[in-house]
Every structure is written in C-alpha cells, then in structure tokens.
Amino acid sequence: MKIPLLFTPLTLRDVTIPNRVMVSPMAQYSAVDGFITDWHFAHFAKFAMGGAGLVFVEATKVERRGLGTVGDMGLWKDEQIAPLKRLTQFIRAQGSVPAIQVNHAGRKAGTLKPWDGFGPLDRSMPVEGEEHWEVIGPSATSYLEGWPIPRPMSKSDIADVVDAWVATAQRAEKAGFDILEVHGAHGYLIHQFLSPASNHRTDEYGGSLENRMRFALEISRAVRKAWPEGKPLFFRVSSVDEGGWTIEDSIVLARELKKCGVDLVDCSASGIAIRSPTASRNVANRGFQVPYAEAIRRDAGIATAAVGLIIDGPQADEILRRQQADLIAIGREMLYDPFWAAHAAHALGYDAEFSLMPKQYGWWLNRRTKSGFTKDAK
Ligand SMILES: Cc1cc2nc3c(=O)[nH]c(=O)nc-3n(C[C@H](O)[C@H](O)[C@H](O)COP(=O)(O)O)c2cc1C
C-alpha cells in the first residue's frame, strides 16, 4: 500500500520527523515556579507513546516576568533543565522528536488559570504563595478592560528580553530538544509588538510594519545564532488578528523570518484583543485556519504547519495532499485521544500491524487482529 502523506517523514536541517503529526503546544498550568511536574511527564509521554512524530512542549517562559499564569512552564534558570532532559529522553526513546515552544506573555502576564476564570490576577493577594511579577509590553495599553496597564519597554528592556530568549534557547538545547518554536502569536509579547492594536510606539519598534516586525526579527535572528545550526527553528504566528494584522502582513513577516533562518511557520490566528480561538466560546469550522497555512506556504515559500480543528486522519492527509501545509498540528483532539496518530493511520487504512504504537502495546494488538478478532465481532 502507498504510505499516506501523513505518515511520510519530513526532514528539516539535520532533523527527520518520522511522520507529519505534530502535537500542538498546549499549556497545562501545572508547573511549580516554572518547573515541570509529574503531570507534565505523564501528559507529554502519552503523545510520544501514541506515535506522533513531533511532540511540542507548551509555551515555556523565558523569564519570570513573562509568566502568563502561575503554573506556566519556565526555562529561565539552569535548575529547570534537568527535569526537561528526562522528558526529552523519554520522547526520543519512543521514536518522536522532542520540541519546545518558547514565550513571554508581555501585557497578558498575570492571568488566572482557565478553570479559575481566565481573568486578571488580583494583585492585592499573594499568588499561590509567590510574589507577583511586573507587567511589561510595547505600549501602555491593557489587553482587555480591567487588565493591568503594562509598563512600556525601554530599549534596554528589549535587549534584556532578547537576551533572555537566547539564554532559554541555550538551556533548551542542553535539555535535549531538537526543535524550538518562537511563540509570536495569541496576543503574547511578540504579537503585541507586531499588531497595530497593541503597539503605539513612536520609536523604531512601532509605526510601520517594518518597525513593528523589528522585535520579532531580532529575537528570531538572535535565537537562530544561539540554536544549533542543524536544528530547525519554527515561529508561530497569528496569521490574522482582530486588531488590524492581516494575512498579507504575515506573508511579509514569513519572508523576513525565512531570511533569519526560520524553517517553518506555524499558522494560528487571533488573540490580540479577544480571547484566543480555543479560549473563546465561538464555534469554528473544521480546519478554519488551514487557508492561512496555505497562503503563507505558497506566497512566502516557507514550510508551514496547519492547526485548528483538524480532527481525523483523512482530513489531515487531504491538507497535505492539497499542499496546504507540511505538518499537521493537533491540539484538543490529542487531549481526547493521545493515540491520535495510531488511530489516524487506521482511518487511512495504514499500519494494520500497530507499528506506531509502542511494542509493549502494538505486539498484543497485532496478535489479536491476526487471530481474526474484529471489534464488530459479537
Ligand atoms: C489546553 C490548551 C493549551 C494551549 N496552550 C497553548 C500554548 O502553550 N501555546 C500555543 O501556541 N497554543 C496553545 N494552545 C492552542 C493550541 O496549540 C492550538 O493552536 C489550538 O488548540 C487549536 O487547535 P485544535 O483545534 O486542534 O485544538 C492551547 C490550546 C489548548 C486547548
């Protein structure tokens, strides 16, 4: 049988991802002082056991000031490396590629956990026994009404944050990650610089598109220099937002990112002035962001990942066959089914032998099928 495109490898620089299934970064709000916990180990390990080619660790913060929520993962100190190393070793041992998304919340810093309402933290109360942290951003405009007004970043703040990104990339390399993604989407710090809705600066970091892109490109260039030559660098963009950032802007940005050595653009959307798509209650259609991945891929000539309500194997495979993207990122459906990759393969009539599963499981399931058992049997 011809291998479905979803299960063909993708080589970027020196890294070969064994199939096109990417676990989309998904924050768990379960870290302690930025350190991962057993929850994270079990959570991420499942996806590698489930056969996904690329397992992304959630938005990990480059400095404590960049924490969105108490419970965010961090890699702002060396002590945070060792627990992550154990995780990357496990992911690799399952045949998957370990990857990390790196972020700074900027003006969205200080958010309650989703299940606590997702609103701004009450700054008059201690947060889980820890101190509050300063909120910075490109300009003195808050995210939503009632949210803190950020202190506009000086040039030296900008330089400090770029340095923090570099130091985090170096720690990520020590922790054993093979791919690093700069989070430039969902209304977080980089997106705040990109979007005219949140950037009202009058210096060289604000105003024209070229100026608003400067911070994103400085970070990408600096990280590329610090991140090993053979390891791919991704950038997640909000391809369009509700504050005036357009798909044409994203295409210009993607061309510039490519010049900085970014290998793939991960195409999400929105979050600058409303809730990100997953946090909002609006219903979206299957594959609602795929057209962005297609446009950026075609017009900027760069590899893309498609994300957003991609539900099953046939849908994912068709996106690849139509050349709309190079990787398929799965978020919530992975939470529902951590063995999504193995199930997608079966839905495409592939991998009857369960080779995408760990041998500890696959051997038995294969034997059961060989014995003639089907789930329809009474
Ligand atoms: C629990 C949860 C946490 C998320 N955390 C992140 C994150 O850390 N970084 C990010 O870029 N997107 C994050 N997202 C968005 C997902 O990566 C993905 O883009 C979104 O869920 C849409 O894909 P889906 O329809 O397959 O879920 C999160 C989504 C969920 C459901």
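The table below gives the values:
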| quantity | calculated |
| --- | --- |
| For a label point 7 Å along the Cα-to-beta-carbon line of Leu112, residues of segment 57-87 with backbone N under 15 Å | 69-70 |
| Of all accessible heavy-atom area on the chain, the percent that carbon and sulfur account for (1.4 Å) | 53 |
| Residue of Met213, Met334, Met125 that the Gaussian network model of the chain assigns the largest fluctuation, springs spanning Cα pairs under 10 Å | Met125 |
| The chain: relative contact order as a whole-number percent, Cα under 8 Å and 6+ apart | 16 |
| Selected from Ala167, Ala273, Ala347 as most flexible by GNM, with the chain as the system and alpha-carbon contacts under 10 Å | Ala347 |
| Residue-averaged [θ]222 nm for the chain, counting only DSSP H segments that reach four residues, each worth -39500 (n - 2.57) | -10500 deg cm²/dmol |
| Tilt relative to the chain, helix 247-259 - C-alpha long axis, 0 to 90 degrees, to 10 | 80 |
| Cα Rg, Dmax (largest Cα-Cα span) when computed across segment 201-319, Å | 15.1, 48 |
| At R0 = 35 Å, FRET efficiency that the Cβ-Cβ distance of Val32 and Asp163 yields, to 0.05 | 0.90 |
| Surface accessible to a 1.4 Å probe, per residue, for the residues of the chain, Å² | 42 |
| Per DSSP, loop chymotrypsin sites (Phe, Trp or Tyr not before Pro) in segment 66-174 with at most 16 further Cβ within 10 Å | Phe118 |
| For peptides 219-226, 19-26, sequence by mean Cβ density within 10 Å, most packed first | 19-26, 219-226 |
| Added length on full extension, which subtracts the Cα-Cα distance from 0.36 nm per residue, Met1 to Val15 | 2.4 nm |
| Among the listed pairs Lys46/Lys370; Lys225/Lys258; Lys231/Lys258; Lys46/Lys77; Lys46/Lys85, those beyond 23 Å (Cα-Cα) | Lys46/Lys370; Lys46/Lys77 |
| Computed label-point distance, nm, for sites Val283 and Lys225 using a 7 Å Cα→Cβ extension | 5.1 |
| Taking segment 27-140 and dividing mean pair separation by its residue count, relative contact order in percent (alpha carbons under 8 Å, at least six apart) | 29 |
| 14 Å reach of a label modelled at Lys174, 7 Å along Cα-to-Cβ, counting backbone N of segment 77-91 | 77-86 |
| Segment Arg321-Arg367, extension gain: residue separation times 0.36 nm, minus the distance between their alpha carbons | 13.3 nm |
| Label-point separation in nm, Ile149 to Arg255, each point 7 Å along Cα→Cβ | 3.9 |
| With Cα atoms, 0 to 90° folded angle of helix 359-370 axis to the chain main axis | 40 |
| C-alpha long axis of helix 81-93 to longest principal axis of the chain, angle in ° | 30 |
| Computed lengthening from Asp122 to Glu242, 0.36 nm per intervening residue step minus Cα-Cα distance | 40.5 nm |
| Top of Ala293, Ala316, Ala159 by mean-square fluctuation, Gaussian network on the chain, Cα under 10 Å | Ala159 |
| Asp78 paired with Ala273, simple spin-label distance in nm, labels 7 Å along Cα-to-beta-carbon | 4.6 |
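The values are calculated or read from the model by the stated rules, or taken from the named source; none is laboratory data. Here the structure is a predicted model, which means the values were calculated and not measured. Virtual Cβ from ideal backbone geometry, glycine too; neighbours counted across all protein chains shown. Heavy atoms of the whole protein, side chains included, go into the accessibility calculation; ligands, DNA and RNA do not. Shrake-Rupley method; radii C 1.70, N 1.55, O 1.52, S 1.80 Å.
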